[in-house]
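Single-structure report; data block below.
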Amino acid sequence: MHRGRPFRDQEIGLGITDVNTRFGGACPAHLYAALPGRTYPELIVRMARGERVEPHVGEFRDGVTFTR
């Protein structure tokens with residue numbers, strides 16, 4: 001039985017063991033509710049271009065309701 005830390009490498013430390021690259025079922029809600037330039041696809045493209053994306057927590061459209 002292994003009693004060590006199975007995902008820790010002596011040289012690099014902890015490694016990534018799983019990456020879930022899909023968008024969840026609620027993604028369309030964000031596309032409609034987000035402010036212009038703030039949808040996930042737009043933010044991903046900006047980050048891929050090396051642009052700095054400023055935090056925008058708390059910015060929203062008042063009066064828009066989505067259910068799932």
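The values are calculated or read from the model by the stated rules, or taken from the named source; none is laboratory data. Being a predicted model, the structure only gives us computed values, none of them experimental. FYI the Cβ positions are ideal-geometry reconstructions off the backbone, even for glycines, and counts take in every protein chain you see.
So which residues in segment 27-45 are more than 13 Å from the chain's Cα centre (by Cα), surrounded by fewer than 14 Cβ atoms within 10 Å (Cβ to Cβ) and at pLDDT 75 or above, if there are any at all?
Within segment 27-45, L35, P36, G37 qualify.
Among the candidates G24, G15, which residue alone is of a type in the set (G, A, S), modelled with pLDDT of 70 or more and under 24 Å from F60 (Cα atoms)?
G24
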